[in-house]
1. Nearest 5 percent is fine: what portion of the DSSP beta bridges confined to chain A is antiparallel?
2. Count the DSSP beta bridges whose two residues both fall in chain B, then state the antiparallel fraction as a percent rounded to the nearest 5.
3. Over the Cα atoms of the protein assembly as shown, how large are the radius of gyration and the largest Cα-Cα distance (Dmax), in Å?
4. Take every Cα-Cα distance within segment A:155-227, group them into 5 Å bins from 0 onward, and report for each bin the whole-number percent of pairs it holds.
5. Can you sort A:M1, B:M230 by how many other beta carbons sit within 10 Å, fewest first?
6. Using only the alpha-carbon atoms, what does segment B:10-164 span along each of its principal axes? Please give whole angstrom values in decreasing order.
7. Using 7 Å Cα-to-Cβ label points, what is the B:A258/A:T246 separation (nm, one decimal)?
8. Within 10 Å of each residue's Cβ, count the other Cβ atoms and sort A:S43, B:S158, B:S87, B:S37 from fewest upward.
Amino acid sequence: MTALLHLTELSVTYPRQAEPALDAVSLDIAPGEKLAIIGESGSGKSTLALALAGLLPRGARLSGNITWPSLGRSARAGADFGMVFQDPGASLNPVLRIGEQVAEAAQRHLGLDWEKAGILALELLGRVRIPDPELAMRAYPHQFSGGQRQRIAIAAAIAARPRLLIADEATSALDVLVQAEIVALFRDLCAADGMALILITHDIALAASLADRIAVMHQARLVELAPALQLVETPQADYTRHLLGTHIDLTDTPRIGRTVP
Amino acid sequence: MKEGLATDGAEPLLVANSISRRFISGGRRVTALDDVSITLSAGETLGLLGPSGSGKSTLARVITRLIEPDAGEVSFAGQDWLGLKGSALRRQRRLMQMVFQDPLGAFNPRASVLSAITDPLRIHRLAPRGQWRMRANALLDRVQLPASLLDRGIGEISGGQRQRVALARALACEPRLIVLDEAVSALDVSIRGQILDLLVELQRQDGLAYLFVSHDLAVVKAVAHRVAIMDAGRIVETGPTGRVIAQPSSPMARALIAAVPRLHQERPR
């Protein structure tokens, strides 16, 4: 199958930094695939997402290649791929009504007139399960909870039916119940639309519960890439074993005795 | 109220009884805490769990006297804690310390590690100036940081080191209770485990009590003897951590357990 996205020896060095933030990373993403990129702070996982999205800060040096074989051209942000970040407040305009923000994405990337874009926005808010979408269209971002704002940001990101959604720590600031709902939403959207997903997270269990494959980043390098279950059951890289070893799971033995001392 | 507490004879360190607190939000009255009671003994960790908006942080803030409740009593270290005022409150306050999710927000960003740790010694007059550096060294040692960090800026050290400094500053007050509000949530996973081990070790040494506020059940399970599950301003379930996880009786406890991502599981396709 033709890859959706193909990275070859991708490296990024930020201004005034001697060491690269991303060091010769090569990988493929298939259409419809859910790929998790995991690692700790400073591993390069967010740099990888920013490089893919063309959002690196001015002065960052990029080498290597990003190609989109299934498109046969370079990708357009918003149209071919969408992005959601940890803080949805930062991607939503506080003084624009929700309907306008989601409709704007549809209008810009699909060339719809405002009326059709508005109808699509209403449908999208329903798809991301915002309660009472008609009312939500006329409301402002601050009137929603953090989890609902993230759903709205997702609605705007998928408005143009992108082939890929990049989610950078998109559930990290949410409580576990809301996180589980957003994960279920990602799963449903990918299944329904054949959309691919890049899930960037520090949580290996979250990655294992959603992704088809997991890429492990450490000190700017890709240290292991394997199907999710295989990576969890039979990790090959020392660092992957370390991450699995330090993960705090519900099945772990408590660090304290069971009785009050 | 004294009878029926989950302690064996000894007076609990902390008893919060029938705490209620309402806020006005957007013209509506929101009940943040509705008749909430907890107890905590010396050497014990109580995990306070619940989703966003369930009232767990509000309860922590009432107990630490950052906000006043509309109703209820708190007794701490044998005193009427909510009745303490002025200089009496200032004298006793050191006994209950708080560590937050983002230690950078809790420090003057331009302070040195030394001044961050020794501020309480000065404020509470716990040691003469000539001893501050020595005391700071000893505190750094307790949180397993090298003395070489003392003169570094609080903004120059890593997030894990900063959280250890926040603990060292709390320990400088010689507290009996530390309220930890999502204190390990922002840390990388490998650092998180080290901080949890440190908390358990400090408790073993000093008989510290912890009120451990978190939405992460796996982390709570690692360190808490008992848990209290909060939902919409009420405590809906409480009990020994292992028992609550193995046999949850409330819908909220069941939902929190089900929502924890599992490494090994049958996954929906």
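1. Beta bridges within chain A, antiparallel portion: roughly 45 percent.
2. In chain B, approximately 55 percent of DSSP beta bridges are antiparallel ones.
3. 24.9, 76
4. In whole percents, the pair-distance histogram is 3, 14, 26, 26, 18, 11, 3, 0.
5. Numbers: A:M1 10, B:M230 26.
Ordered from fewest to most neighbouring Cβ atoms within 10 Å, A:M1, B:M230 come out as A:M1, B:M230.
6. Principal-axis extents of the Cα atoms in segment B:10-164, largest first: 50, 36, 29 Å.
7. 3.3 nm
8. Taking fewest neighbouring Cβ atoms as first place, the list is B:S87, B:S158, B:S37, A:S43.
Quick note: the coordinates plus some simple rules give every number you see, no bench work behind them. Keep in mind the model is a prediction, meaning the values are calculated, not measured. Don't worry about glycine lacking a Cβ; one is built from the backbone with ideal geometry, like all the others, and counts go over all protein chains shown.
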